[in-house]
Amino acid sequence: MAARTSRSTAPVFVIGSARSGTTLFYDMLLSAGGFAVYLAESNVFNLLAPHYGNLRRRSDREKLLRVWLGSKLFRATGLEASEIENDILENCHNAGDFLRIVMDAMCRRQGMQRWAENSVEGNMHLPTIKRLVPEALIIHMIRDGRDVATSLHNTRFVGTLPWRRGISLMGAGVYWEWVVEQGYRYGRQLGSDYLEVHFEDLIESPQQTLDRVGKFLDHELDYSRIMHAGYGSVSRPNTLFRADPREKFSPVGRWKKKFSDGELHRFESMIGGTMLKHGYSLTSGGTGEGRPPTMNLQTKITRKFYRALFESKLRVKNHPLVTRLRPLTAARLDWGTQAEDHAPEVRTAVSQPSAGSSR
């Protein structure tokens with residue numbers, strides 16, 4: 001249903017592993033001007049699409065609409081139900097149509113010419129995203145796997161083992177590798193519609209990095225304007241670390257204070273090959289120039305176990321039987337929405353109780 005789109009108005013999808021700077025970069029895009037401001041995750045491809053399939057049946061579109069209109073994620077759009085309801089019921093045949101209808105309505109209301117999207121697990125759904133939104137431009141945020149693991153360590157952000165409180169450093173490293181490689185493998189098939197951006201470059205050389213991205217998007221990205229607008233995490237870093245407030249915000253290289261020598265050696269032997277491929281140097285001695293340390297048997301087993309765990313969880317989550325037995329509710333759509341992460345103009349809507357939260 002999409003009309004031919006020029007590069008300067010094409011939608012943008014920001015993908016990447018958790019804690020890789022995807023939210024920061026997404027908020028920077030919105031702060032640059034020209035993009036509809038939606039400081040939330042739509043959860044369209046990771047939750048809506050698996051539950052409602054191709055949406056060819058009107059009854060499925062009605063169910064989706066009930067859940068969406070009862071969610072905080074809808075409240076964050078700033079739209080009235082009447083602005084999208086008829087279009088979804090009459091013209092929406094898949095998840096891509098749904099996202100486009102909602103985002104285009106936001107563009108009209110805000111007077112913007114394009115939109116961007118940033119939801120969890122985007123790397124895993126990249127083939128579906130490009131099939132349903134073929135004009136989409138993809139930005140893959142990549143961050144040093146050691147810093148990602150340091151940030152994820154002992155959190156429940158990533159599904160972990162039943163007997164553990166949170167993800168281990170090694171498990172978080174394998175998760176990073178698994179997600180990054182999915183995006184890399186799919187993205188390399190997209191040619192000029194795919195761009196990799198390193199988080200460290202964005203932090204250390206922001207305008208130079210933004211110039212490269214701006215050329216890719218055919219969109220002006222001025223760092224001073226972005227910092228002045230300061231939507232979401234641009235003015236308020238979205239970090240899991242609780243550092244001294246007097247300490248300068250510095251998210252690069254935190255792993256150097258978190259890993260023991262033994263942990264670093266095991267970590268780099270486990271995912272060092274992928275780190276090297278994406279331009280990150282190693283500190284542990286390898287078996288030759290440009291090679292990571294050799295994995296021992298225990299490390300090999302740990303790596304294979306975690307990869308199998310993540311892959312099986314993704315398959316189970318998206319299995320038709322599971323989605324039928326566990327109907328989607330507005331509360332589940334809202335699971336990743338935190339009012340304090342939003343700009344003032346949407347914070348009130350996000351923090352209010354959701355009408356459909358009990359469904």
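Among residues of the range 302-316 that are farther than 15 Å from N123 by Cβ, those with a Cβ under 7 angstrom from a residue that is part of a helix (DSSP H, G or I) and of a type in the set (V, I, T), sequence gap 6+ or separate chain, pair up as R303/V174; Y306/V174; V316/V322.
Going through the range 297-313 one residue at a time, which ones are among the hydroxyl-bearing types (S, T, Y), under 22 Å from the mean Cα position of the chain (by Cα) and under 13 Å from E177 (Cβ atoms)? Lay out the reasoning, then the answer.
Start the filter on the range 297-313 by keeping residues that are among the hydroxyl-bearing types (S, T, Y), which leaves 299, 302, 306, 312.
The next check asks that each one be under 22 Å from the mean Cα position of the chain (by Cα); those that pass are 306, 312.
Scanning the range 297-313 gives a single hit, Y306.
When the range 99-128 is filtered for residues that are in contact with a helix residue (DSSP H, G or I) (Cβ under 6 Å, 6 or more places away or on another chain) and modelled with pLDDT of 95 or more, the ones remaining, listed by number, are L99, I101, A105, R114, W115, A116.
Do we have any residue at all in the range 91-100 that's of a type in the set (F, W, Y), assigned to a loop (DSSP other than H, G, I, E, B) and more than 30 Å from L282 (Cα to Cα)? For the range 91-100, residues of a type in the set (F, W, Y), assigned to a loop (DSSP other than H, G, I, E, B) and more than 30 Å from L282 (Cα to Cα): absent. For the range 216-269, taking the residues that are of a type in the set (V, I, T) and outside any helix (DSSP H, G or I), the one that is modelled with the highest pLDDT is identified as V252.
Just so you know, in the range 302-323 the residues that are surrounded by 12 or more Cβ atoms within 10 Å (Cβ to Cβ) and farther than 15 Å from G173 by Cβ include one that is modelled with the highest pLDDT, and it is E311.
Of all residues in the range 193-210, count the ones that are charged (D, E, K, R) and crowded, with 20+ Cβ neighbours inside 10 Å. First the steps, then the outcome.
From the range 193-210, those charged (D, E, K, R) are 193, 196, 200-201, 204; that's our starting set.
Checking which are crowded, with 20+ Cβ neighbours inside 10 Å leaves us with none.
Total satisfying the criteria: 0.
Do you know which of the residues in the range 156-183 that are surrounded by fewer than 19 Cβ atoms within 10 Å (Cβ to Cβ), within 17 Å of the chain's Cα centre (by Cα) and not basic (K, R) is modelled with the lowest pLDDT? Across the range 156-183, the extreme among qualifying residues is G159. Residues of the range 31-60 that are assigned to a helix (DSSP H, G or I), surrounded by fewer than 21 Cβ atoms within 10 Å (Cβ to Cβ) and modelled with pLDDT of 90 or more: R58 alone. Would it be correct to say that G70 is in contact (Cβ under 8 Å) with a residue 60 or more places away in the chain and out of contact with any His (no Cβ under 9 Å at 6 or more places or on another chain)? The answer is yes for G70.
Please enumerate the residues belonging to the range 101-130 that are outside any helix (DSSP H, G or I), of a type in the set (D, E, K, R) and over 17 Å from the mean Cα position of the chain (by Cα). Before you say what the answer is, go through the steps one by one.
Just the residues of the range 101-130 that are outside any helix (DSSP H, G or I), to begin with: 111-121.
If we keep only those that are of a type in the set (D, E, K, R) too, we end up with 114, 117, 121.
Within the range 101-130, just R114 meets the criteria.
I'd like the residue in the range 61-90 that is acidic (D, E) and assigned to a helix (DSSP H, G or I) and, out of all such residues, is farthest from the chain's Cα centre (by Cα). By that ranking, first place goes to E90. Is there a residue in the range 271-292 that is in contact with an Asp or Glu (Cβ under 6 Å, 6 or more places away or on another chain) and at pLDDT below 90? Scanning the range 271-292, I find at least one residue that is in contact with an Asp or Glu (Cβ under 6 Å, 6 or more places away or on another chain) and at pLDDT below 90, so the answer is yes.
The values are calculated or read from the model by the stated rules, or taken from the named source; none is laboratory data. Computed from a predicted structure; not experimentally measured. Virtual Cβ from ideal backbone geometry, glycine too; neighbours counted across all protein chains shown.
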